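The values are calculated or read from the model by the stated rules, or taken from the named source; none is laboratory data. Bear in mind the structure is a predicted one, so any value in this text is a computation, not a measurement. Virtual Cβ from ideal backbone geometry, glycine too; neighbours counted across all protein chains shown. In case anyone asks, the SASA skips ligands and DNA or RNA and just uses the protein heavy atoms, side chains included. Shrake-Rupley method; radii C 1.70, N 1.55, O 1.52, S 1.80 Å.
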Amino acid sequence: MIQPYTRITRKTALSIKLIMTDVDGTLNNGGDELSPAVANAMQNLKEHGITVGLVSGRTDPMLVAMARSLDIGGPLIAENGAVARITYKSGLVDLGYSRQPAVEALARLKAKYAGRITEREDNTERLIDIVCRADGVDMKDLRKCVGDVQLLDSTYILHLMQKGIEKGTTLKRLLELMDGPKIRPDEVLVVGDSMTDLSLFKLFTQSVLIPNPDLPEIDKKTLRKSARYISEHGAGEGFAEVVLRIINARI
Ligand SMILES: [Mg+2]
């Protein structure tokens, strides 16, 4: 049963070494701007020795730019788990994923739903994932058409990707590859708002759901079943209030 974030105990707060947070719907409502409250929260975490990383459907260059401007030192996971680096200063990790299944799925969609599938321009910067919009096509029909390829709806855009790639498994792999004393999965707090974050909620015991009013009721229900805590406010403000709770609980 999901609990309000105010139930995060001192023991839990003290156990957290790394916070991995989603971006859209979690830190902000799209775009590049982050509120002063979020920037302060990041600074606060650094002062308390808690590392922060980003885990998002965005491209790697976008996450590198955001991590550099916030000066956060944790891992970056882009394209919903398909592309990753240990910090914004290090190189890409070879995760062994392929774009070919998504390329083929997109071709099938375009053939079947001519004129209704629009690719987004940042596909040229994506290495594995393909993003598109589908006008007036039911998700069920889209799923049937893409077959064995993942189709994720982040509420901002649809993602097509090789099966088996997800944020949660990539984060587990990165924890093994990180230098220095090992961080255990139960020392990581994951934060997210949508179905693209479900694998994080399932694989990591410490998790916070940031409520997203734009989600279908069925997704809200699924996410609430998997996450441990929920913030009161939505994107940005919700993240900041959870960070404040963690820092105050540690004192
Ligand atoms: Mg999100």
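Within the set 16, 72, 2, the sole residue that is among the aliphatic types (A, V, I, L, M) and in contact with a Leu (Cβ under 6 Å, 6 or more places away or on another chain) turns out to be 16.
Under the condition of being of a type in the set (Gly, Ala, Ser) and more than 9 Å from the ligand (Cβ to nearest atom), the residues counted in segment 18-33 number 2.
Residue-by-condition table, conditions (1) outside the structural domain of residue 170 (by TED's automatic domain parsing); (2) closer than 16 Å to residue 76 by Cβ; (3) open to solvent by less than 20 Å² (accessible area, probe 1.4 Å); (4) among the polar types (S, T, N, Q):
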{"residue": "8", "(1), (2), (3), (4)": "no, no, yes, no"}
{"residue": "13", "(1), (2), (3), (4)": "no, no, yes, no"}
{"residue": "19", "(1), (2), (3), (4)": "no, yes, yes, no"}
{"residue": "25", "(1), (2), (3), (4)": "no, no, yes, no"}
{"residue": "31", "(1), (2), (3), (4)": "no, no, no, no"}
{"residue": "36", "(1), (2), (3), (4)": "no, no, no, no"}
{"residue": "41", "(1), (2), (3), (4)": "no, no, yes, no"}
{"residue": "48", "(1), (2), (3), (4)": "no, no, no, no"}
{"residue": "55", "(1), (2), (3), (4)": "no, yes, yes, no"}
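Does segment 181-197 include one or more residues that are among the acidic types (Asp, Glu), modelled with pLDDT of 95 or more and outside the structural domain of residue 215 (by TED's automatic domain parsing)? No: zero hits.
State whether the residues of segment 59-68 include one that is surrounded by 15 or more Cβ atoms within 10 Å (Cβ to Cβ) and charged (D, E, K, R). Within segment 59-68, one or more residues are surrounded by 15 or more Cβ atoms within 10 Å (Cβ to Cβ) and charged (D, E, K, R). Sub-6 Å Cβ pairs linking a first residue in segment 233-251 that is basic (Lys, Arg) to a second residue that is crowded, with 16+ Cβ neighbours inside 10 Å, at least 6 apart or interchain, are 245/5; 245/8; 250/13, ordered by first then second residue.
Note on segment 144-177: among residues that are among the aliphatic types (A, V, I, L, M) and open to solvent by 30 Å² or more (accessible area, probe 1.4 Å), the one that is nearest to the ligand (Cβ to nearest atom) is 152. Going by the structure shown, is residue 196 within 13 Å of the ligand (Cβ to nearest atom) and either part of a loop (DSSP other than H, G, I, E, B) or not polar (S, T, N, Q) (or both)? For residue 196, the condition - within 13 Å of the ligand (Cβ to nearest atom) and either part of a loop (DSSP other than H, G, I, E, B) or not polar (S, T, N, Q) (or both) - is not met. Before we move on, is residue 214 closer than 22 Å to residue 51 by Cβ, in the same structural domain as residue 55 (by TED's automatic domain parsing) and not small (Gly, Ala, Ser)? No; evaluated as a whole, the condition is false for this residue.
In segment 107-119, the condition of being under 30 Å from residue 50 (Cα atoms) and buried (at least 21 other Cβ atoms within 10 Å of the Cβ) is met by no residue.
The set of residues from segment 133-171 being in contact (Cβ under 8 Å) with a residue 40 or more places away in the chain, closer than 19 Å to residue 23 by Cβ and not β-branched (Val, Ile, Thr) comprises 152, 153, 154, 156, 159, 161, 166, 167, 168, 171.
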